[in-house]
1. Sorted by average packing, counted as other Cβ atoms within 10 angstrom per residue and highest first, what order do 143-151, 465-473 take?
2. Give me the base-10 log of I(q)/I(0) for segment 433-504 at each q in 0.11, 0.21, 0.23 Å⁻¹, Debye formula, one uniform scatterer per Cα, rounded to two decimals.
3. With both partners inside segment 342-558, how many of the DSSP beta bridges are antiparallel, as a percent to the nearest 5?
4. Can you tell me the FRET efficiency between residue 274 and residue 18 if r is taken as the Cβ-Cβ distance and R0 is 45 Å, rounded to the nearest 0.05?
5. By counting other Cβ atoms within 10 Å of each Cβ, how are 354, 507 ranked from fewest to most?
6. So how much slack lies between residue 76 and residue 112, counting 0.36 nm per residue of separation and subtracting their Cα-Cα distance, in nm?
7. Can you tell me the length gained on complete extension of the stretch residue 347 to residue 408, counting 0.36 nm per residue apart and subtracting the Cα distance?
8. Output the relative contact order of segment 342-558, whole-number percent, from Cα pairs under 8 angstrom with separation of 6+ residues.
């Protein structure tokens with residue numbers, strides 16, 4: 001993840017690293033002034049390497065190496081370091097915000113460019129989890145990675161100054177620090193496993209939660225909501241256990257670090273005073289430096305532990321992006337689509353796995369007519385509509401639009417000619433107006449009203465207290481089935497398409513609502529090419545042309 005941060009955001013990372021390096025140099029110089037300061041204050045000669053280096057710099061600048069001057073140097077070094085750390089940390093914060101946004105935008109872009117079959121094999125809740133939770137967790141992982149770099153650079157500064165004081169003691173401390181990391185590496189592995197477990201559980205939990213909420217009405221009606229409740233609670237409990245493992249490993253690392261550091265500092269002080277005979281000033285500075293150095297090693301390890309915890313989220317969202325990109329919709333047509341005469345399907349074949357849904361299908365759909373695709377459930381009605389929309393490709397045969405092969409047309413421009421109403425249209429928990437325009441900036445209230453009028457819904461909407469700005473409730477629950485269906489039709493008509501495609505538009509309606517929708521579609525067919533998949537008698541009877549798929553059904557007049 002650290003490598004990915006530097007590779008993906010080179011400019012931001014360069015600014016951050018430069019600020020950290022300069023801050024480290026400023027802090028290093030101010031720390032170096034401690035040795036001659038303590039020696040001068042104690043009346044001792046300055047004869048160590050660090051002290052001579054600082055005294056030489058003072059001499060180069062023409063400044064008398066007094067106690068006051070050295071204190072000023074120390075304070076200035078701390079101030080400069082703090083200012084540069086502010087710049088670096090601000091850059092880290094900005095980068096984290098950018099990382100989260102980039103992850104979300106990359107995934108959203110990849111998803112929206114994927115072919116329709118990709119969505120059939122992935123859970124909506126899991127995709128939403130990737131965009132929301134995993135993108136945020138991955139971004140915080142980048143923050144922790146940046147802090148690993150920051151603390152590591154600071155540790156290098158302290159190590160450099162400590163080497164000037166006593167390279168023997170510094171090497172011993174470095175060896176102790178390495179042993180310290182080895183002793184606690186098991187806790188890092190536990191954190192990584194806990195993070196991976198959290199990612200997997202969140203993926204499953206949010207997927208199941210989305211499915212349950214979509215069917216909660218039916219579950220409650222059948223008193224089966226307790227089953228869903230038990231399933232979600234079990235997954236939530238598993239998530240809690242994974243979080244506890246992460247917390248335990250993190251707190252164990254924190255608890256063990258302080259006594260180990262204190263022990264190392266005590267041992268270092270004893271050896272320095274007893275065996276190496278260092279001066280008091282050298283010992284005081286060395287102990288200060290080594291404690292800070294080992295403390296930074298502690299921070300590096302703790303931040304790296306957090307990186308490992310969030311790494312699984314980073315890997316999960318990268319996999320999601322790669323998976324969506326692999327399913328990217330490819331269409332190389334360059335011809336501008338026009339629909340003036342007809343759509344022809346010639347010897348169309350399509351199957352799912354080994355089962356043929358459509359085989360040797362030949363049909364013609366004339367413009368400005370109401371064409372009904374008639375078949376029992378599961379015999380290819382929705383598949384045929386998907387083929388007409390370009391959501392799927394035929395595995396044999398071809399589709400001609402005014403005599404032009406569909407593969408030669410610009411797919412996006414073709415879809416701009418289509419108004420589509422799915423079998424179970426979902427209304428947003430928003431106003432009627434927003435449900436019609438669905439965020440399209442080019443559409444106005446005038447467009448929405450025109451679409452409502454064509455859908456036979458304007459008079460009803462104008463009679464509401466808030467008119468176009470009436471809230472429809474969750475999934476349109478404040479409206480009847482027929483009203484929801486006509487608002488969905490208005491949504492499909494708002495951008496003035498040439499083709500209106502509807503999948504089972506009357507299957508969930510009562511007879512009165514069905515008749516209203518049939519009359520609306522007949523009126524629309526005067527100006528539009530209307531294609532509806534259905535097995536409902538009233539709509540079949542109202543059609544100008546019927547395409548039958550699968551076994552021949554009884555005529556509408558024979559249906560009671």
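Just so it is clear, none of the values below were taken in a lab; they were calculated from the coordinates. None of the values given here were measured: they were computed from a predicted structure. With ideal geometry, Cβ positions are generated from the backbone for all residues, glycine too; neighbour counts draw on all protein chains shown.
1. Numbers: 143-151: 23.1, 465-473: 14.0.
In decreasing order of mean packing, 143-151, 465-473 become 143-151, 465-473.
2. -0.24, -0.89, -1.07
3. Details: 16 of 34 bridges.
Within segment 342-558, antiparallel bridges account for around 45 percent of the total.
4. Numbers: r = 42 Å, r/R0 = 0.94.
E between residue 274 and residue 18, to the nearest 0.05, is 0.60.
5. Numbers: 354 5, 507 16.
Fewest-to-most Cβ neighbours within 10 Å comes out as 354, 507.
6. Numbers: separation 36, 0.36 × 36 = 12.96 nm, distance 5.35 nm.
The span from residue 76 to residue 112 would gain 7.6 nm if fully extended.
7. Working: separation 61, 0.36 × 61 = 21.96 nm, distance 1.80 nm.
Result for the pair: 20.2 nm of gain on full extension.
8. Values: 393 pairs, mean separation 66.1, N = 217.
That works out to 30 percent.
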